[in-house]
Structures are given as C-alpha cells and as structure tokens.
Amino acid sequence: MRSTDPVHSSHQPPSLHHDPLTARTVVVAPGRAERPNELEGAAVRCPFCAGNESLTPPAILRAPLSPAEPWRARIVPNRFPIAIDGIAPPPEAGVLAGRPRPAHGVHDVVIESPAHVRSILDIAPTDWREVWELCRQRLAMLAARDDIAWATVFKNSGAKAGASLEHVHSQLVGLDFVPPLVVAELAAAACAVDPFGDLLRLAKAEDRIVAEAGDLVALVPPAPRQPFETWILPRLAEGSFHATNRDRVAGVADLTQSLIARLDSILPGASYNWWLHQLPHAHAGSHAAIPVNWHWHLEILPRINGLAGFELGAGCHITTMTPGESAQRLRER
Ligand SMILES: [Zn+2]
Ligand SMILES: [Zn+2]
C-alpha cells in the first residue's frame, strides 16, 4: 500500500467519459490503482476488521446505533472512490454531455461483519438482516439528496467477481446521472403493459421459481447469463428498495443467504456479483419514460465462465445451462 492518506489518493479525481458512438460510459479513476489487492497476494492489514477502524474514514452509519456497543456493521466512505462527493455538479448534471466531466456522487463501503470472514454465510441471519436495513437507510439518505439521481448497492465476492479484499463487504454508489443499463431497462419495460407481472407469471409457468420469502420471489430469469443466475423481486410493484418495509428487507436478507448457500453447495466458494436495480430518484429529471408498475430487483450473477470475445463484441452471453435446469438444481439444495 503506497498511499497512507485515508481519504484522497495523490492522483486526479475520478472523471466520467461518454462515448456517443457506442453509448458507453467509463469512469476513469486513477486513484483506484492504489488499492491493495489482497486476493492477488498483497499483504494487507485488514481495514475492515474490528480494531482497525483508524484505517477507514469515520462511519456514516453503524449497527447498532449506540457507539457504546461494539459495532456489527458499518458504512464508511470508500478510500478509493469512483465518484467524489462535494463537487458542484456542472450545469448539465443528469445529462451525459460529450466531454469528460468530474464524477460526482457517493461511493461507500458496507463492512458487513466485524470479524474477518469471507462469506455472507458466516454472518448470523439476524445480523445479516441488520446489514440490509443499514443499506436501505443509506439508500434512503441518498434518495433525499437532490444532487443524486440514482443509487445502488452491489457486491463483488471472490477474485473472479472483482473483489480486492476478502473481508466480507459490499459497496454503495450514488450518481448524479442514471447509468446506461438502467435507462435501457426502463425503456424496455415501458414497452410492456405489465413487464414484471409477465416475468413472474412466465417464471411460474416455466418452473423457474427457486424460493420465496413473504411476498418476495427468487427466480431464474428467462435469459440467464451464467448458470444459476437469480433475481430477487417483490410480487407487487414497488419502484424503490430504499422505501420498502422491514419485512421485505428481512426477506432480501434471508433469500440472499439461502441462494448463496445453494450456489455454494453446488460450487463451493464460487465467485459472484449482485447489484440492486431501483428507479431513478424522483427529482432525477427526464432521461427515460419511468414505468409506473416497475419492481426493484436484486440480480445475483455467479461468475463461473469468464466474459469472452462474443460477450464483449456482440453483447450476447453464451451459457451452458438452461434456465429450467438452473432453477431445478438450485431448488434441490
Ligand atoms: Zn478483516
Ligand atoms: Zn435489472
């Protein structure tokens, strides 16, 4: 680790570069090159372990609330952010102009356990529910800010999923624009009358439902990119996870542990990513038609096969397992 400054690297701040020819957006964040990569063999004094709090900026949120009690989960600013909080947004904020501009937003780390464990399966179910409630609270804080257009929480677990530290954690990002994949999903959903109702009905008809918790469903999507890809979503329309109720927060916690336990029993230690898709914030401005009956969803993508030329060149994934077989094998576990 070369940089010892807990907040800033010595490099230029992150910037956003948009390519109108490909509709591609890239964050250039030179400071992230300074990240210690434990999974590539760097010796790291773990910044996420209890006792090492001085290695991270102060917590934004913690569980429990009272600092008199030891923490079970903390959300802290990322030392190597992809967006900088506090830069005044340019006049065209919310719209991607053709020229590079500073990346404005929030990039946090969710430290999910005080103990140096690698898997969410090593976290007690009640503590894991608390982690999801902490994420919901942070997402609600970001939704209340008029300079943040959209926010997500995502996880990289394992080296194949892009993790650089093994201590169990997620990341939380808020941006001043709505990213291309979300704009594309909203546009596709706007073409159907009840896109998520169709998704749920077809999953039931084709036997692709893996598990349920309260009114949440975990299903294998119609075109999974990898074996055992699953999505978690509510049965009834709800656009934003940050506004959901306690039962659904607990349901997401329970289903994520259940799905990862199933994946882990089929492929021990498999790397995976997940990310939350929710609606842009109310003040985000016009970027795409926002469907009224949209459902937030968590997409869980195992990283079994690498992305190769056809995936990158054509945007089509190649997978080796039918959606139905993925669902059946996950249900059997
Ligand atoms: Zn640790
Ligand atoms: Zn999605």
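The values are calculated or read from the model by the stated rules, or taken from the named source; none is laboratory data. Just so it is clear, the model here is predicted, and its values are computed rather than measured. All Cβ positions, glycine included, derive from the backbone under ideal geometry; neighbour counts span all protein chains shown. When the accessible area is computed, the model is the full protein with side chains, heavy atoms only, and any ligands, DNA or RNA have been set aside. Shrake-Rupley method; radii C 1.70, N 1.55, O 1.52, S 1.80 Å.
Counting only heavy atoms of protein chains, what accessible area per residue, in Å², does the chain have with a probe of 1.4 Å?
So the chain comes to 46 Å² accessible per residue, rounded to a whole number.
For n ≥ 4 DSSP H runs only, could you compute -39500 (n - 2.57) per run for the chain, divide by its residues and tell me the 222 nm figure to the nearest 500?
It comes out at -7500 deg cm²/dmol, rounded to the nearest 500.
Say the dipole of the chain comes from +1 at the beta carbon of Lys and Arg and -1 at that of Asp and Glu; which of I82, L298, L216 then lies farthest toward its positive end?
I82
I need the peptides 28-40, 105-117 ranked by packing, meaning the mean over residues of other C-beta atoms within 10 angstrom, with the highest value on top.
Output ranking for 28-40, 105-117: 105-117, 28-40.
Compare the peptides 217-230, 152-165 by average per-residue count of other Cβ atoms within 10 angstrom and give them in order, highest first.
Result, highest mean first: 217-230, 152-165.
Count charges around C191 for me, please; just the other residues with Cβ under 13 Å from its Cβ, Lys/Arg as +1, Asp/Glu as -1.
Combined, the nearby Lys, Arg, Asp and Glu give -3.
For region 315-328, in order, what is each residue's ³J(HN,Hα) by Karplus, 6.51 cos²θ - 1.76 cosθ + 1.60 with θ = phi - 60°, in whole Hz (x at glycine and Pro)?
x, 10, 8, 10, 10, 10, 9, 5, x, x, 5, 4, 5, 4
If you find the alpha carbon centre of region 213-231 and of region 312-333, how far apart are they in angstrom?
10 Å
Once neighbouring chains are kept in place and the probe is 1.4 Å, which whole percent of the accessible area of region 15-179 is contributed by carbon and sulfur?
In region 15-179, the share of accessible area belonging to carbon and sulfur is 58 percent.
Local charge sum around E299 (other residues, Cβ-Cβ under 12 Å, Lys/Arg +1, Asp/Glu -1)?
0
Quick one: net charge around I260, please, counting Lys, Arg +1 and Asp, Glu -1 for every other residue with C-beta under 12 Å from its C-beta.
Combined, the nearby Lys, Arg, Asp and Glu give +1.
Efficiency by 1/(1 + (r/R0)^6): what FRET value for L312 and E206, r their Cβ-Cβ distance, R0 = 30 Å, to the nearest 0.05?
Efficiency, from the Cβ-Cβ distance: 0.55.
Between A50 and R118, with labels modelled 7 Å along Cα→Cβ, what's the label distance in nm to one decimal, could you check?
Each label point lies 7 Å from its Cα, and together they span 2.2 nm.
N37 to R24: extension gain in nm, 0.36 nm per residue of separation minus the Cα-Cα distance?
2.0 nm
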